[in-house]
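A.B. asks: Dumping the structure here so I can ask a few things about it.
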Amino acid sequence: MKILVTARLSDDVVSLIEQDHEVEMNRENRPMERGALLAGIAGKQGVLCSISDRVDEEFLALAPGLKIIANFGVGFDHIDIAAASRRGIPVTYTPGVLTDATADIAFALILAVSRRVVEGDRMTREGGFRFWAPFHFLGRQVSGKTLGIVGMGRIGEAVARRAAGFDMKIVYHGRNRLDPADEQRLRARYLPLHELLREADFVSLHVPLTTETRHLIGLEELRLMKPSAVLINTSRGPVVNEAALVEALQEGRIGGAGLDVYENEPELAAGLSGLENVVLLPHVGSATIETRTKMALMAVENLLVGLRGEQPPNCLNW
Ligand code: DGY
């Protein structure tokens, strides 16, 4: 069968597909332009796509024989699952394998913002490190503080486990409350969102992007946070109203932010990059060699099973 692979995979991984199928792969280390993507999907039976590709009605209409959409990633807000289901096309994703890498990045941002890691590095390189003094370059302590986790799924839990090592108090909010044994295991206390925002020193977001979570954190929510609190977002950019966040940071209504994702990726909201109290990363939550290898293998397995017409292991709509 004919397969489109929209993101470059290693030769080892792509050869697993090539054993039985004909592969057209984007060999650039960047996403396909929309026109090339639409031209590429025409006449294909399978696609291995990434979070940079919009898989919508227009895309699906060009491949009436499509048997499987295998996403290289855990987030699937870029795929119109309902449209795929109407056409009977299974959609798969790669849960679990990127939990630790993403939780690590959330924690890296917590530490980087509070201890001014990026600012300190920049100043030191530029020759600005001239003396040690008791009040020089002070940051905020992380250990012992309260971490508010919004979205206590796999990644939220992994962040909670890391926070336990920093003796942090953990409060969380999610669609569903954990059962008491899990709350005890994670030493996490459930709170309604607005109470969590009032109590937490750090608020870390771990929800998928849905109609309910779009702009979950806006002006009103930012106003509830402590003036010293730090917002961390490694989930999806549109969960935060970025213009409202810039305003809150500029006015000192919150202490800082660590962001790996943006509302209009890869664009940044006006004013964001000029702020000192933010650390900005280019959507690298899952970007470790180990994790990306596992994601690729998982996506390929899902693809191959789907091409055989069987139920793929990580299917969202079977
Ligand atoms: C995902 O998988 O959804 C991440 O955002 C990128 O790895």
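The values are calculated or read from the model by the stated rules, or taken from the named source; none is laboratory data. Predicted model only: the values in this text are computed from it and were never measured. Methodologically, a virtual Cβ is constructed for each residue, glycine included, from the backbone with ideal geometry; neighbour enumeration extends over all protein chains shown.
A.B. asks: Looking at (1) outside the structural domain of Ala112 (by TED's automatic domain parsing); (2) crowded, with 18+ Cβ neighbours inside 10 Å; (3) of a type outside the set (Gly, Ala, Ser); (4) within 22 Å of the chain's Cα centre (by Cα), can you tell me which one Leu316 breaks?
C.D. replies: Tallying (1) outside the structural domain of Ala112 (by TED's automatic domain parsing); (2) crowded, with 18+ Cβ neighbours inside 10 Å; (3) of a type outside the set (Gly, Ala, Ser); (4) within 22 Å of the chain's Cα centre (by Cα), Leu316 fails exactly one: (2).
A.B. asks: A further question follows. Scan the strands (runs of 3 or more DSSP E) fully inside the stretch 1-98 and keep the ones with 1 or more residues being among the hydroxyl-bearing types (Ser, Thr, Tyr).
C.D. replies: Details: elements: 2-5, 22-25, 46-50, 68-72.
The strands (runs of 3 or more DSSP E) meeting that bar are 46-50.
A.B. asks: Restrict the check to the stretch 138-153 and report whether at least one residue is loosely packed, with under 14 Cβ neighbours inside 10 Å and free of Cβ contacts under 8 Å to residues at least 12 places away in the same chain. Write out each step before concluding.
C.D. replies: Applying the first criterion (loosely packed, with under 14 Cβ neighbours inside 10 Å) to the stretch 138-153 yields 138, 141, 143-144.
Still in the list and also free of Cβ contacts under 8 Å to residues at least 12 places away in the same chain: 138.
Yes, there is a match, as at least one residue in the stretch 138-153 is loosely packed, with under 14 Cβ neighbours inside 10 Å and free of Cβ contacts under 8 Å to residues at least 12 places away in the same chain.
A.B. asks: Go over the candidates Leu9, Leu62, Leu4 one by one and state the one that is over 20 Å from Asp80 (Cβ atoms) and aliphatic (A, V, I, L, M). Before you say what the answer is, go through the steps one by one.
C.D. replies: Details: Leu62 fails: over 20 Å from Asp80 (Cβ atoms); Leu4 fails: over 20 Å from Asp80 (Cβ atoms).
Unique residue meeting the criteria: Leu9.
A.B. asks: What's the number of the only condition in (1) touching a residue at least 40 places away in the same chain (Cβ under 8 Å); (2) within 18 Å of Arg30 (Cα to Cα); (3) surrounded by fewer than 18 Cβ atoms within 10 Å (Cβ to Cβ) that Glu267 fails to meet?
C.D. replies: The failed condition is (1).
A.B. asks: Hey, another quick one. So which residues in the stretch 45-63 are touching a residue at least 12 places away in the same chain (Cβ under 8 Å) and over 23 Å from Ser286 (Cα atoms), if there are any at all?
C.D. replies: First, pick out the residues of the stretch 45-63 that are touching a residue at least 12 places away in the same chain (Cβ under 8 Å): 45-60, 62-63.
Once the filter is applied, which keeps residues that are touching a residue at least 12 places away in the same chain (Cβ under 8 Å) and over 23 Å from Ser286 (Cα atoms), the stretch 45-63 yields Gln45, Gly46, Asp56, Glu57, Glu58, Phe59, Leu60, Leu62, Ala63.
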